[in-house]
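Notes follow the structure.
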Amino acid sequence: MDDFKDLSGVTLNKIRSFGIKSKSVIKSFKRSCRLLEAFLEENNLSFSQENAEQWLSESAILKKSNRSQRNLYLSHRRAILLLLEMSNNQLDEWKVYPIKTAQRPATEHYLGLLEQYKHYLISEKMSESTITFSLRVVSMFFCYLESANIVHISDLIPKNVSDFWGNDALSGRKPTGLQAYAYKLKKFFIFLEEKGILSQENLYLSIPKIFAKQVKIVTTISKNAEKELISNGKLITPLGKRDQAIILLALRLGVRRSDIVGLKFTDINWKNETITFTQQKTKVPVILPLLTDVGNALMDYILNSRVNTDSEEIFLRGYAPYKALKPSSASKVPIKYLSDFSSDDCPEKGLHILRRTVASRLFENNISSSIISASLGHLNPDSADVYISTDSQKMRKCALSLSGIECTREELV
């Protein structure tokens, strides 16, 4: 066990050399090493990839459990990967170890088309997220073709395109998600046709246009939960000050997570009390008022908690290296504060429920849907109409009377 103790100690020092100072990260790594060491000692095993994976497989049940247990599983997995890289002299940086790998076709022809389409999307100045999603959809389509023994795009017929939507890879996806997939695949077919790669014209017409409509109940947090959230004592810590500014941007102004993490110092006009930026999702520019509590929270974080770096973005990660916060990380910010509320007060725990809440509050104050759509940066002015259902008082006025269809009761003789 001395060899493993030495390896875990050297790996820990390497982690710290990357500037990782988070107590929870260090504590999690030590805990995983301690449990793994006990497993190896109990079974008289040495550290190896096979033995480490055997120990991790016994913890696999955690992967399907609640959030805290899943996080424990992920910390065990990260520790193993760090130890393995260190033992192979490959641990050069602190990085993410994704569980899922993107689905990729095996055929060289399809891989070449993917690369060609990627360069095209880049030349069209598409956002990174749009490019990633588009390539994922096309990759799934190519993998489906390979499973049907179609290894060249010239062999494609309309039936292959229409049959794609019934394959197992798309089962369980929501209609809105399928519609997004259809749109991306249609764009790809148009690209192939314009470049002369696809001989058949208008093959994209084989893609369904209409999917079953799904009506979603809009959820918001209660007013009591809203008050307790912004007065949470955890928000006074250095990291809490950052979280408070993020929460208020979503809760008071309805800013999306991608725009929150992309917010720069130059976007804030302190003198005119405005926030101006171009939305990542819609590319629509918006000008929002810098409300007092939002401005104070931003100022408090910037002056008293934010690490001094060269980053143009305001919001940084809470651990070294101090880079701009990612959208996925921003989504998790409210969870540690909203998880204390019941499902009645807070049906969902993510960041987007705060955006829906501000839209609901605006409706309650008789603000027109067109103004709400403009402030939220919607492309379609009618997009905000979905929030009408959150105003129960006004919805009651829309209820139809039962006059004329009274129920009667008859008894059998």
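Figures for the structure shown
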{"quantity": "Volume of the Cα convex hull of the range 238-375, divided per residue and given in Å³", "calculated": "118"}
{"quantity": "Value of D in µm² per second that Stokes-Einstein yields for the range 228-268, Kirkwood Rh from Cα pairs, at 4 °C (1.567 mPa s)", "calculated": "119"}
{"quantity": "Equivalent-ellipsoid semi-axes of the range 88-154, from the Cα gyration tensor, Å, largest first", "calculated": "26, 18, 11"}
{"quantity": "Farthest positive-ward along the range 173-317 dipole, Cα basis, beta-carbon charges - from 175, 296, 230", "calculated": "175"}
{"quantity": "Cα lying deepest toward the dipole's positive end in the range 72-135, options 96, 129, 79, charges on Cβ", "calculated": "79"}
{"quantity": "Distance from the range 100-141 to the range 282-360 (C-alpha centre basis), Å", "calculated": "31"}
{"quantity": "log₁₀ of I(q)/I(0) at q = 0.12, 0.18, 0.21 Å⁻¹ - the range 52-210, Debye sum with one point per alpha carbon", "calculated": "-0.70, -1.08, -1.29"}
{"quantity": "Of 281/326; 23/264; 184/281; 21/264, pairs whose Cα-Cα distance is over 20 Å", "calculated": "23/264; 21/264"}
{"quantity": "Percent of alpha-carbon pairs separated by more than 20 Å within the range 126-253", "calculated": "60"}
{"quantity": "The range 295-334 - Rg over Rh from alpha carbon coordinates, Kirkwood radius", "calculated": "0.95"}
{"quantity": "From the C-alpha gyration tensor of the range 324-369, square roots of 5λ in Å", "calculated": "23, 16, 6"}
{"quantity": "All lysines inside 28 Å of residue 223 as judged from Cα atoms, apart from same-chain residues fewer than 8 positions distant", "calculated": "234, 241, 332, 336, 349, 394, 397"}
{"quantity": "Long-range amide H partners of residue 219 with built H, under 5 Å", "calculated": "none"}
{"quantity": "Cα centre as origin, Lys/Arg/Asp/Glu Cβ charges: the chain dipole, Debye", "calculated": "940"}
{"quantity": "log10 of Debye I(q)/I(0), alpha-carbon scatterers only, for the range 10-132 at 0.11, 0.15, 0.21 Å⁻¹", "calculated": "-0.56, -0.84, -1.16"}
{"quantity": "Square roots of 5 times each gyration tensor eigenvalue, C-alpha, the chain, largest first, Å", "calculated": "40, 35, 26"}
{"quantity": "Long-range amide H partners of residue 274 with built H, under 5 Å", "calculated": "269, 290"}
{"quantity": "Rounded to whole Hz, the Karplus (6.51, -1.76, 1.60) HN-Hα couplings of the range 279-286, x for glycine and proline", "calculated": "5, 5, 6, 9, 6, 8, x, 10"}
{"quantity": "Dipole magnitude of the range 235-342, debye to nearest 20 (Cβ charges: Lys/Arg +1, Asp/Glu -1, about Cα centre)", "calculated": "340"}
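Read the figures in this text as sums done on the coordinates, not as results from a lab. Keep in mind the model is a prediction, meaning the values are calculated, not measured. Reconstructed Cβ throughout: ideal geometry from the backbone, glycine too, with neighbour counts over all protein chains shown.
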